[in-house]
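Taking it in order: structure first as structure tokens, then the write-up.
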Amino acid sequence: MGEDYNTRWLKNMRKLFRPFFKKITPSCKVLKAKIVEEYKFLSKDISDYFIYFGPIRDILYTPYFHLAVITALFISLFSQCPNGWSNIALSVLPNILGFSVGGYAIIITFGDDEFRKFLAKTTTKDGKSILLMINGAFMHFIISQTLAIFLAYINQSLEITNFMLNFLMSIPFPYALFFCIAIAFEIKTISKWYKNFLDSPKKK
């Protein structure tokens with residue numbers, strides 16, 4: 001009797017919810033398709049980022065990364081507050097990130113259309129567009145700051161005191177600060193290319 005009752009109960013529940021599931025199934029399919037599409041866009045954006053900026057392993061060879069590791073190690077060894085860096089990061093980086101996004105918007109509109117076309121067509125020895133490389137540098141600048149803020153938020157929320165975790169999580173913070181120097185050089189490069197563009201015979 002128990003099994004018959006359960007069977008009837010399941011059948012009644014199916015009849016009750018069948019119209020609901022018929023209505024929601026197409027919506028779920030549309031939602032799934034949209035989610036898959038968004039992840040495809042994200043994958044394409046990440047792929048473009050690595051094309052513009054270069055392989056992520058190249059960061060390991062830069063002086064900015066070396067300075068960041070040394071700074072993070074020094075702070076981890078001698079700081080009286082193991083995760084005190086996260087408080088500083090969360091108070092400093094959001095402001096820098098805001099200025100970075102604004103500066104990025106200004107840089108990509110720098111000059112006139114002819115100058116941007118000039119940068120887009122001018123390539124390096126590797127065949128990469130100067131314009132895309134500059135965009136890649138600014139993208140990396142913004143992404144490194146965002147990563148540093150995220151790790152600082154996690155570190156502060158969990159109150160991590162483990163030496164190795166603190167050391168590894170703190171590296172993106174000084175790296176984002178030292179990479180400001182690289183961005184300054186990129187702006188210098190843009191100014192140099194703009195001067196070359198203005199001095200070119202076609203412009204004259």
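For Ser79, the amide hydrogen comes within under 5 Å of no other amide hydrogen, counting only partners 5 or more places away or on other chains and with H modelled in the peptide plane. Shape annotation for region 30-158: C-alpha extents along the principal axes are 54, 45, 27 Å, from largest to smallest. Whole-Hz Karplus values for region 161-168 come out as 10, 5, 4, 5, 5, 4, 4, 5 Hz, taken residue by residue from phi with 6.51 cos²θ - 1.76 cosθ + 1.60 and θ = phi - 60°; glycine and proline positions read x.
Separation of region 101-151 and region 36-80 by C-alpha centroid, Å? Each part's Cα centre sits 16 Å from the other's. For region 126-202, applying the loop criterion from DSSP together with a ceiling of 13 other beta carbons within 10 Å to the trypsin sites (Lys or Arg not before Pro) yields Lys202.
Using the Kirkwood radius built from alpha carbon pairs, what does the Stokes-Einstein equation give as D for region 126-204 at 20 °C and 1.002 mPa s, in µm² per second? My calculation gives 143 µm²/s for D.
Read-outs throughout are calculated quantities, based only on the coordinates presented, and are distinct from any laboratory measurement. Since this is a predicted model, take the numbers as computed values, not measurements. Don't worry about glycine lacking a Cβ; one is built from the backbone with ideal geometry, like all the others, and counts go over all protein chains shown.
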